[in-house]
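Just below is one structure, and these are the notes that go with it.
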Amino acid sequence: MNSKLNPFHILLDFGVILYIFFGTNLLTNFARNHLVAMFYIVALLHITALGFVLFDKVRSDNSSSLVGGDEESWLGKIQGLIFVLALGSSFWLIFPGVAISDIIGRELPGLGILIIGMIFAVWIILGIAMSGDGQGWKTPLQKMLFENIFPALFVFLFFICAETLILAVSNSQTISIDDLGFGAIMLLISYLPLRLMLTTKPPIKNIEFFSVLITVSILIYKMFI
């Protein structure tokens, strides 16, 4: 098995760790003052990140491995579960959406339509991606951008904005600080499937999974201290 790390994925993990320790205060005040705008920014980044991950996943591989997985790797054996969780991960937005509605004292405009729209968008992206199933990328530049840079970049951007939104909501006067634990669960439900989708792309590298595990462990630790 090839154990070589993807440098873009490791930079993603390193960037997440840096943001957890040093960057959360940078956007928190903006998020508190613009909760509705931040919510829709997070939703846009979520569908964009998921789109890049799905497009690269299907484009670079064959459709059977999306759910069947690599039988030689334990990570590959649960690849189907990770794929399903990633497809349904947009449902997590219901929870911060309802919390924001309580904070602002009115129903968040378009929440239900947004969730339904994101679900349809995921399947449209998946259908477009499967039109080039297993064909890879035509040029080295396309491969670099769509296989490495864009998926890692937008997963990172989604993470920092989603975490900032959850922190802003959890620390509001309306929502108790005790809800921070529930917020951490929501973040893991939304972020972890996306990150693992990058990890389970062949050739599966178990060593990269440990990088993800360390990063997530640090995330949980920082959110509870």
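The values are calculated or read from the model by the stated rules, or taken from the named source; none is laboratory data. Please read all numbers here as calculations on a predicted model, not as lab measurements. Positions of Cβ are generated from backbone atoms using ideal geometry, with glycine treated the same way; all protein chains shown enter the neighbour counts. These area figures cover heavy atoms from the full protein model, side chains too; ligands, DNA and RNA do not enter into them. Shrake-Rupley method; radii C 1.70, N 1.55, O 1.52, S 1.80 Å.
For the range 2-48, give me each residue that is in a loop (DSSP other than H, G, I, E, B) and open to solvent by 50 Å² or more (accessible area, probe 1.4 Å).
N2, S3, K4, L5, H34
Give me the pairs: first residue in the range 137-158 and over 14 Å from R195 (Cα atoms), second residue open to solvent by 50 Å² or more (accessible area, probe 1.4 Å) and charged (D, E, K, R), beta-carbon distance under 7 Å, and six or more apart or on different chains, which are they?
What qualifies is W137/K143.
What number goes with the only condition from (1) modelled with pLDDT under 80; (2) open to solvent by 70 Å² or more (accessible area, probe 1.4 Å); (3) under 23 Å from L145 (Cβ atoms) that S65 does not pass?
(2)
Quick one: would you say R106 is among the basic types (K, R), within 23 Å of F182 (Cα to Cα), at pLDDT 80 or above and in contact with a Ser or Thr (Cβ under 8 Å, 6 or more places away or on another chain)?
no
Given the conditions (1) assigned to a helix (DSSP H, G or I); (2) open to solvent by 60 Å² or more (accessible area, probe 1.4 Å), report the number of the one that G112 does not fulfil.
Result: G112 passes all but (2).
Please work out if K205 is in contact with a Leu (Cβ under 7 Å, 6 or more places away or on another chain), modelled with pLDDT of 70 or more and among the charged types (D, E, K, R).
Criteria met by K205.
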